[in-house]
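Accompanying notes for the structure given below.
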Amino acid sequence: MGLRLKFNLVLLVVFLLGLGVTGYISRELLQKNAEEEVLRTAGVMMEAALSMRSYTVSQVRPHLRVAEDEFLPQSVPAFGATEIMSLLHKKYPDYSYKEAALNPTNPRNRAVEWETDIVNAFRNNENLKEFSGTRLTPSGLSMYLARPFQIKDGACLACHTTADMAPPAMVKLYGGNNGYGWKLNEIIGAQIVSVPMALPIANANRAFYTFMASLTAVFVVLFIILNLMLSLLIVRPIRRMSAAADKISVGEMDIPELAESGRDEVALLAKSFNRMRRSLEKAISLIDEK
């Protein structure tokens, strides 16, 4: 096995190991960055919904003029936030917001199976203030961000303790079987934002493949350059020395001396070889004189 082949095999093994480690680390980092990007988007949507709730309470509700026998859903913070996010959902179908409850007043807020699991997770652990995860949807992988919805204001119980205590107009609109029996400080549901992961993951994969292709191209260029340098600086001079040594070993002394220019190891080896050759020639001449 030649020196160049050994060098290339070692270089190839080192590159493959480095490429594998680099690929694994870079893919993990890109995937993590994609998830963090999606989570930030979900957080912005969540804060937008909370801002809408606050706006309804501070800016809308005080200015609504409601008749005694009338109930306006627009005065409910959850209704306003859900309606705004529903408009967003029409333009971006993969983005959604829901105030999922186990026993909601409005039937559209009733939690489905996977949302029920999130609500129960909050109910079983009151110290859990935020929860995120991924789920597979018909349109692809989606990340959700959830926060518990807890009854902290006793005024809310005026409409949600029993149907008899609730405004008759609200009971007429939503019925007397849902949205009652709530208790102070009870976690009755969760605010859940869902954001698609298809585009960020695709961008992360594209960045990964571009990076790996660039890294491979750089290696190929370095591989060619290192082979040229190895050939010019080491392999060719050593081959000339080897050929000269073969000829001298069979008594051919008419070959020219090796070039000794430079101070590198190959030049020093050439100088040593020339000195050895001259010493050998002197020894042979002395033997011939005798």
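Points worth noting:
- Pick from the stretch 178-188, criterion surrounded by 13 or more Cβ atoms within 10 Å (Cβ to Cβ) and in contact with a helix residue (DSSP H, G or I) (Cβ under 7 Å, 6 or more places away or on another chain), ranking: nearest to SER75 (Cα to Cα): GLY179
- Test: residue in the stretch 158-177 that is open to solvent by less than 20 Å² (accessible area, probe 1.4 Å), within 27 Å of GLN74 (Cβ to Cβ), small (Gly, Ala, Ser) and touching a Gly at 6+ places or on another chain (Cβ under 9 Å): yes
- Any chance ALA267 is open to solvent by less than 30 Å² (accessible area, probe 1.4 Å), under 53 Å from the mean Cα position of the chain (by Cα) and either within 30 Å of GLY20 (Cα to Cα) or of a type in the set (D, E, K, R) (or both): no
- Residue, farthest from GLY23 (Cα to Cα), within the stretch 205-251, restricted to residues that are surrounded by 15 or more Cβ atoms within 10 Å (Cβ to Cβ) and aromatic (Phe, Trp, Tyr): PHE219
- Close Cβ contacts (under 6 Å, 6 or more residues apart or on different chains) running from residues in the stretch 97-108 that are crowded, with 21+ Cβ neighbours inside 10 Å to residues that are among the aromatic types (Phe, Trp, Tyr) comprise THR105/TYR174.
- Members of the stretch 23-71 that are free of Cβ contacts under 8 Å to residues at least 60 places away in the same chain and closer than 30 Å to THR216 by Cβ: TYR24, ILE25, GLU28, LEU29, LYS32, GLU36
- Sole exception among (1) of a type in the set (A, V, I, L, M, F, W, C); (2) open to solvent by less than 50 Å² (accessible area, probe 1.4 Å); (3) within 12 Å of SER194 (Cβ to Cβ) for LEU141, by number: (2)
- Yes/no for PHE71 being among the aromatic types (Phe, Trp, Tyr), farther than 12 Å from VAL193 by Cα and not in a helix (DSSP H, G or I): yes
- The single condition among (1) touching a helix residue (DSSP H, G or I) at 6+ places or on another chain (Cβ under 6 Å); (2) hydrophobic (A, V, I, L, M, F, W, C); (3) under 25 Å from TYR180 (Cβ atoms) that ILE84 does not meet is (3).
- Scanning the stretch 194-217 for residues that are touching a strand residue (DSSP E or B) at 6+ places or on another chain (Cβ under 8 Å) and β-branched (Val, Ile, Thr) turns up at least one hit.
- Close pairs from the stretch 1-20: first free of Cβ contacts under 8 Å to residues at least 12 places away in the same chain and within 15 Å of ARG239 (Cβ to Cβ), partner open to solvent by 40 Å² or more (accessible area, probe 1.4 Å) and assigned to a helix (DSSP H, G or I), Cβ under 6 Å, at least 6 apart: none
- Criterion (under 22 Å from PHE223 (Cα atoms) and open to solvent by less than 60 Å² (accessible area, probe 1.4 Å)) met by exactly one of GLY80, GLY20: GLY20
- Only listed residue being β-branched (Val, Ile, Thr), touching a Leu at 6+ places or on another chain (Cβ under 6 Å), at pLDDT below 85 and closer than 20 Å to ALA169 by Cα, chosen from VAL66, VAL60: VAL66
The values are calculated or read from the model by the stated rules, or taken from the named source; none is laboratory data. Given the structure is predicted, the values throughout are model-derived calculations rather than measurements. All Cβ positions, even for glycine, are placed from backbone atoms using ideal geometry, and neighbour counts span all protein chains on display. Quick note on the areas: whole protein, heavy atoms, side chains included, nothing else; ligands and nucleic acids left out. Shrake-Rupley method; radii C 1.70, N 1.55, O 1.52, S 1.80 Å.
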